[in-house]
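Peer 1: One structure follows; several queries about it will come next.
What follows draws every value from the coordinates through simple rules; no lab data is involved. Only a predicted model underlies this, so the values are computations on that prediction, with no experimental measurement involved. Because the Cβ atoms are built from the backbone with ideal geometry, glycine has one as well, and the counts that use them run over all protein chains shown.
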Amino acid sequence: MTEMRSEPEPARASGATEFTAVNELASRVSNNVGQVIVGKYEPIGMMLIALLCQGHVLIEDVPGIGKTTLAKAFARSLGCSFKRIQFTPDLMPSDITGINFFNQKEGEFQFRPGPILAQIVLGDEINRATPRTQAALLEAMQERQITVDGTTIPLPEPFMVLATENPIEQEGTFPLPEAELDRFFLRIRLGYPSDQEERDILLRFRAEDPLEHLEPVVTAQEVLHYQKLVEQVQVEESLLEYIIQVCQATRTHPNVELGASPRATLSLFRAARAWAALAGRDYVLPDDVKTLVPAVLTHRLILTSQTRLRGRTPEELLQEILETVAVPV
């Protein structure tokens, strides 16, 4: 999958075959999702990175761009159980986790599982639910378990939350709490299609929805295997220091009120290894880190009020930081 390659150098001989298989995985999933979604190979690649790192993805953009369709196509490409949660202002935490109810026929309490007990969970329009309901996801996303009436229930593996979000300036939405944003491994945006892409969309959907006929191309066991394989990607000491310096620079920048957390540093480290694996390499390059900084860190930064009034964005500040922090040679 050429879109995933951050540089053309081939994989080393050691482990080359295994990491070539990861690259082939990316191609399979990307081509399969591409039967439904036109031209969005970079967002698909980012979702694969999160999957291999056992992370969660926040898909943010205006309505009608194809956020839900992308999430459903990605989920259907994986041979995993799938549930969708439509977030609304009246959604309760128990609607997500499940409840214990009294079965009169059996004469005992039984647990009715909620949709969170699936391997791939689509949280549609997550910022339309109240903060109390959004908080029901925190334990599941971080600890991969839920607690109902004092009983802890582990979640299936692999487990991944794909959440779609409309911008907070849209009516009827609630901003996500910082603690929840930090638990999203990365955030992606789709953007409007080009003229040709929009033409292709019209032609593709003129008869029937291709999503209805999409089949899985990866099994759950393959996903678990590749998740373990990514952990074998090598990261030089100088690159570790580079990742740390980039994240620490967000904490000392005068225009940033809240910088990247240690969880964000770990996410950037893990994402760089997954990016290298998807490119067919067993080692990380500086360009891998630089490419992933916007997706991993942008949604975790809170700018000062004066900076926001001046119209500056986290993306601009991160670009400044990348230009000032020395890149290891």
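Peer 1: Set the Förster radius R0 to 51 Å, insert the Cβ-Cβ distance between Asn100 and Thr20 as r into 1/(1 + (r/R0)^6), and round the FRET efficiency to 0.05. Show your work: numbers first, answer last.
Peer 2: On the way: r = 48 Å, r/R0 = 0.95.
The formula returns an efficiency of 0.60 here.
Peer 1: So how strong a dipole does region 233-329 carry about its Cα centre when Lys and Arg Cβ are +1 and Asp and Glu Cβ are -1, to the nearest 20 debye? Kindly include the intermediate steps, with their values, before the conclusion.
Peer 2: Values: 10 positive and 11 negative charges, 85 e Å.
Its charge dipole is roughly 400 debye.
Peer 1: Right, something else. Charges on Cβ only, +1 for Lys and Arg, -1 for Asp and Glu, centred on the Cα centroid of the chain; of Thr97, Leu240, Leu202, which one is farthest towards the dipole's positive end?
Peer 2: In the chain, that residue is Thr97.
Peer 1: Same structure again: Return the single residue from His56, His213, His253 with maximal mean-square fluctuation; model: Gaussian network over the chain, springs between Cα atoms under 10 Å.
Peer 2: His213
Peer 1: Same structure again: Alpha carbon centre of region 195-226 versus region 57-79: separation in Å?
Peer 2: Result: 11 Å between the Cα centres.
Peer 1: Among Gln196, Gln248, Gln221, which one shows the biggest mean-square fluctuation in a GNM of the chain, springs joining Cα atoms closer than 10 Å?
Peer 2: Gln196
Peer 1: Let me know the number of lysine pairs in the chain closer than 26 Å at the Cα, not counting same-chain pairs under 8 apart.
Peer 2: 10
Peer 1: Hey, in the GNM for the chain with a 10 angstrom Cα cutoff, which one of Ile243, Ile37, Ile65 fluctuates hardest?
Peer 2: Highest fluctuation of the listed residues: Ile65.
Peer 1: Sort 124-134, 315-325, 174-184 for me by packing, meaning the mean count of neighbouring Cβ atoms within 10 Å per residue, highest on top. Could you put the intermediate results ahead of the total?
Peer 2: Working: 124-134: 19.9, 315-325: 15.7, 174-184: 17.7.
My ranking of the peptides, most packed first, is 124-134, 174-184, 315-325.
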